[in-house]
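Single-structure report; data block below.
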Amino acid sequence: QVQLVESGGGLVQPGGPLRLSCVYSGVIFSFNRMGWYRQAPGKERELVAHISYYGATNYVESVKGRFTISRDNAKKSVHLQMNSLKTEDTAIYYCNVVAAGPSAYWGQGTQVTVSS
């Protein structure tokens with residue numbers, strides 16, 4: 001059984017940093033894509049960033065230059081370093097893994113609140 005566990009969410013002031021982490025357990029095809037999505041109140045879930053097994057990254061335009069996604073294949077983990085946070089970054093952030101099959105897995109979500 002696959003399980004994704006996120007950590008690192010919380011309350012931060014505008015302009016501050018926050019780092020999200022996600023670790024998965026269970027068996028997933030190794031050559032997978034890992035990513036982060038977010039959903040703000042009243043809005044649809046959107047892709048924030050994803051990273052391939054070999055490190056190729058993609059970001060939504062609104063976070064480019066502020067967020068950095070990284071992964072550790074040996075530790076089956078993905079991280080999202082968020083800098084210069086804005087109030088509009090407030091959302092529930094979800095970890096996602098997509099593997100061959102196709103198969104997709106989601107974490108339970110972690111709340112990020114940017115407020116003064």
Residue 44: at pLDDT 95 or above, open to solvent by less than 40 Å² (accessible area, probe 1.4 Å) and under 16 Å from residue 94 (Cβ atoms), yes or no?
no
Can you run down the residue pairs with Cβ atoms below 7 Å, 6 or more apart or on separate chains, where the first is in the stretch 68-88 and in contact (Cβ under 8 Å) with a residue 24 or more places away in the chain and the partner is among the polar types (S, T, N, Q)?
69/57; 71/77; 77/21; 79/21; 79/70; 81/68; 87/115
Scan the stretch 73-112 residue by residue and report those that are open to solvent by 40 Å² or more (accessible area, probe 1.4 Å) and within 12 Å of the chain's Cα centre (by Cα).
81, 92, 106, 108, 111
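Return the residues of the stretch 52-71 that are touching a strand residue (DSSP E or B) at 6+ places or on another chain (Cβ under 8 Å) and either open to solvent by less than 60 Å² (accessible area, probe 1.4 Å) or aliphatic (A, V, I, L, M) (or both); say none if nothing qualifies. Quick ask: steps written out before the conclusion?
To start, the set of residues in the stretch 52-71 that are touching a strand residue (DSSP E or B) at 6+ places or on another chain (Cβ under 8 Å) comprises 52-53, 55, 57-60, 63, 66-71.
Residues satisfying the conditions are 52, 55, 59, 60, 63, 66, 67, 69, 70, 71.
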Would you mention how many residues in the stretch 40-64 are in contact with a Ser or Thr (Cβ under 8 Å, 6 or more places away or on another chain) and either closer than 21 Å to residue 16 by Cα or touching a residue at least 24 places away in the same chain (Cβ under 8 Å) (or both)?
4
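The values are calculated or read from the model by the stated rules, or taken from the named source; none is laboratory data. For clarity, every value in this text was computed on a predicted model and none was experimentally measured. A quick note on method: Cβ atoms are made from the backbone with ideal geometry, for glycine too, and the neighbour counts reach across all protein chains shown. Quick note on the areas: whole protein, heavy atoms, side chains included, nothing else; ligands and nucleic acids left out. Shrake-Rupley method; radii C 1.70, N 1.55, O 1.52, S 1.80 Å.
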